[in-house]
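Trainee: Structure below; questions to follow.
Taken together, the values in this text are just the output of simple stated rules run on the coordinates, not laboratory data. As the structure is a prediction and not an experimental result, all values here were calculated from the model. We place every Cβ from the backbone using ideal geometry, glycine too, and count neighbours over all the protein chains shown.
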Amino acid sequence: MRMRVMGAMPYVAGVLVCVLTIQLGLWQTRRAEEKLALGARIEAAARAPSVTAATGLAEWQPVRLTGEWLTAGMIFLDNRVQHGQPGYHVLTPLKTADGTVVLVKRGWTGIGLDRSRLPDVNTPDGEVVVAGRVRYPEPRPYTLAEAPGEGVRWQYVDLAAYRAWSKLPVLGMVVEQTDSSTDGLIRDWPRPDLGVDRHRGYAVQWFGLAALSAGLCGWFGWRRWRQDGRSQNDA
């Protein structure tokens, strides 16, 4: 009896591996479908007409805001690379006519020859019109920095920390400026890599492992069946 149980263990393990890898493949397939749905929502939001209000907006919603730059609240996001060159993302708060303050990610600029000095940014005075799209910063992106920022040099956007530092009641979103550049900043904002193909590739690998484990179980089972049949014939 014990020998039979021990002999069946490899087949039980094979079945478990097959079931597990099928489930993992299905999970990766579901993740790919979720990412496709997210991509569809992003595209739908991006194609929506621009709005002039800055509240209650979905991410990627196009906006067109009129206001004045508050240059005292300008910050520089460090370690931002553009075409292989190190630099900063420049963010400046914009105060609209109704008093709403929105933090605008205006574009990229290079570090320059002297890293100890921040680059000069051309910021027009008076009323400006800013076209962009709504983004919501990650609450806590992966970083080795102990704090989001020090002075005007920041590592990532933390709106609560920015409010405390700037004393400005900025909204809980950031607007990525997308209109043509007249200030020398580069506005090249890539869409997020949703990784649909990566999830599909993982799913194929898991299903392949499931097929392999099922095939091995069947092959070894067939061999054992033949050996048992021969033993009985010899007896």
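Trainee: Tell me which residues come under 5 Å, amide H to amide H, from Gly107 once H is placed; ignore anything under 5 positions away on its chain.
Mentor: Val90
Trainee: Using θ = phi - 60° and the Karplus curve 6.51 cos²θ - 1.76 cosθ + 1.60, what whole-Hz ³J(HN,Hα) does each residue of segment 107-123 get, with Gly and Pro shown as x?
Mentor: With the stated coefficients, segment 107-123 comes to x, 10, 9, x, 5, x, 7, 10, 5, 5, 10, 6, x, 6, 10, 6, 10 Hz.
Trainee: Once you place label points 7 Å from the Cα toward the Cβ at Asn79 and Arg198, how far apart are they in nm?
Mentor: Those two pseudo-labels are separated by 1.8 nm.
Trainee: Could I ask something else about it? Could you state the per residue volume, in Å³, of the convex hull enclosing the Cα atoms of segment 51-177?
Mentor: 118 Å³
Trainee: Now for a different question. Nothing charged except the Cβ atoms of Lys and Arg (+1) and of Asp and Glu (-1): what's the magnitude of the dipole of segment 51-177 about its Cα centre? Round to the nearest 20 debye.
Mentor: 120 debye
Trainee: Roughly what would the spin-label model give for Ala147 and Thr100, points 7 Å off Cα along C-beta, in nm?
Mentor: About 3.1 nm, to one decimal.
Trainee: Right, here's the next one. Within the set of other residues whose C-beta is less than 15 Å from the C-beta of Trp69, count the net charge using Lys and Arg as +1 and Asp and Glu as -1.
Mentor: -3
Trainee: With each pseudo-label sitting 7 Å past Cα toward Cβ, what's the Leu26-Thr182 distance in nm, one decimal?
Mentor: With each label point 7 Å from Cα toward Cβ, the separation is 5.8 nm.
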